[in-house]
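Participant: I am attaching a structure below and will ask some questions about it afterwards.
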Amino acid sequence: MSDSILSDLNPLRIVSRIADGISDTVTDMRDAIAGDHLVIGLTGLSGNGKTTFLTSLAHFLTNDWRSLVGFPPVREGRFLGAVRCEQTDSDMPAFRLDEAEGALFGTPPRWPAPTKDISELTLELRSRAEKSLFSFSDTRSLRVDFIDYPGEWLMDLPLLSESYREWSEGYLALIRSDPRLSSTAEPWLSRARLLEAGAEADRQALRQLAADFTEWLLMLKNELGCSHIQPGRFIMPGEFHDSPLLEFIPWAGEMPPDPSDLPESSFWRVMEHHYSGYVSKVVSRFYEKCFSRIDRQVVLVDCLKALEEGPACYRDIGTSLDSITRNFSYGAGSFLMRLFSRRIDRVLFAAAKCDTVPPDQHGSLRTLLRNTVEKASDGVSYSAPSVETQYLTISSAQCTRLGVLGSGKSERQVLCGTENGKAFHLSGIVVPESLPDGEEYAEWKDSFRFLRPDLPEEGGIRQIRIDQALGFLLDGFL
């Protein structure tokens, strides 16, 4: 019997788990009855602005909430403000709001450091209560946990339902189907094909193969712009840096007919063991700690980046979104269901960085987002019709402003700002409502100006539709 199994059977550990379970259940029952606690997950792909979104949202709620005119409690004069408070899960790292806020709202402003690990931020929001027979207070308070984590980790959720053999077969099929992958994977893949399933595992060789595989994954992300990177912890390991759990690769050699006949120390059995440990100790625990708690969900998508990278990357975004949505528990439950099982009842899909296109194109960007999501996965819309979804175009930190050039009949609206310190005035930009194909894409891309504007040096960061996002996410609680 392994040390890990013996540890799991330790009576003190069992008692501790039971106590934790009772505590969690009592907390969930209290929250379900009182309706004073909400957990919002911030999901999305790496680089799509989750950290900036949470920083901006928290700043405006706690410091400048009167500017959130699209948030119903503010518009109706009921909102009383928000404060940071002790986070609900003391075992989870705290979101470093002070550092992120100091960067984004400093002088000059800077982009906050991207998410490298899971973190939590808890805010308490207060509003005037509507008078009712059962109201015992003039105010209502809502405790909101925001959970932020690296987008790369989302790609691992499908592993929860796949064996090592199934994952390897699917991975090789994916490589064969995508020229970008097949043309770059050969250096590590050619060596992986030489492995014999029953041969004694050389741990040094295995570590080197895993390192080469990881280097390839980093190249896919950083050079080719791929978003569906799996396993996600290989490029964003967090606490598992240098762990043996990250020492496996997809099996590329001949598949053994019955792996159970192979020695425990064989290449196949060692990598299968590492894979199983990765799923149970990394993926499963992450899922239980994070997603099992979520009531409502935000999915940030950078549609413009996907368009810029081209059709292959756009399809990759679709595959990634499918992985994100299919592994959550969707569907609003009854009162009893809410007592015993959290389920996501609202999902906000947000197209980030809408400030990089003119306001008259925000509608087209929203349609593009919706078409992208619905094409990627219809699980949210059809298998769980009780889930309420909304699509918004947002900017957590607006870097451009609307201006006017010319006069009279020659007057036109332009998007203004600076890029690499140089001023620009942009007009005539057209966002497609779906991905153009073939030559049509090349022609469209030649006419489109992709912006990477600087943050405004004068400070005073503004937002676009963060208030509307809050209205949707918090509806029914304030």
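The values are calculated or read from the model by the stated rules, or taken from the named source; none is laboratory data. Predicted model only: the values in this text are computed from it and were never measured. Ideal geometry is used to build each Cβ from the backbone, glycine not excepted, and the neighbour counts take in all protein chains shown.
Participant: Enumerate the pairs (first residue in region 96-112 and in a loop (DSSP other than H, G, I, E, B); second residue anywhere and at pLDDT below 90) with beta-carbon separation below 6 Å, excluding pairs fewer than 6 apart on the same chain, so at least 6 apart or on different chains.
Facilitator: Phe105/Ile461; Thr107/Gly459; Pro108/Glu457; Pro109/Gly459
Participant: I've got another one for you. Yes or no: Ala185 of a type in the set (A, V, I, L, M, F, W, C) and surrounded by fewer than 19 Cβ atoms within 10 Å (Cβ to Cβ)?
Facilitator: No: the conditions fail for Ala185.
Participant: So Leu195 passes all but one of these: (1) modelled with pLDDT of 90 or more; (2) assigned to a helix (DSSP H, G or I). Which condition number does it fail?
Facilitator: For Leu195, the failing item is (2).
Participant: Then there's this: List, please: which pairs have Cβ atoms under 7 Å, are six or more places apart or on different chains, and start with a residue in region 445-474 that is more than 22 Å from Gly106 (Cβ to Cβ) and end with one that is among the polar types (S, T, N, Q)?
Facilitator: So the pair list comes out as Leu451/Thr356; Arg465/Thr393; Phe472/Gln390.
Participant: Going residue by residue through region 208-226, is there one that turns out to be buried (at least 20 other Cβ atoms within 10 Å of the Cβ), under 20 Å from Asp117 (Cβ atoms), modelled with pLDDT under 95 and basic (Lys, Arg)?
Facilitator: no
Participant: Name every residue in region 227-262 that is on the phi > 0 side of the Ramachandran plot and either at pLDDT 95 or above or of a type in the set (Gly, Ala, Ser) (or both), in order of residue number.
Facilitator: Within region 227-262, Gly238 is the sole residue that qualifies.
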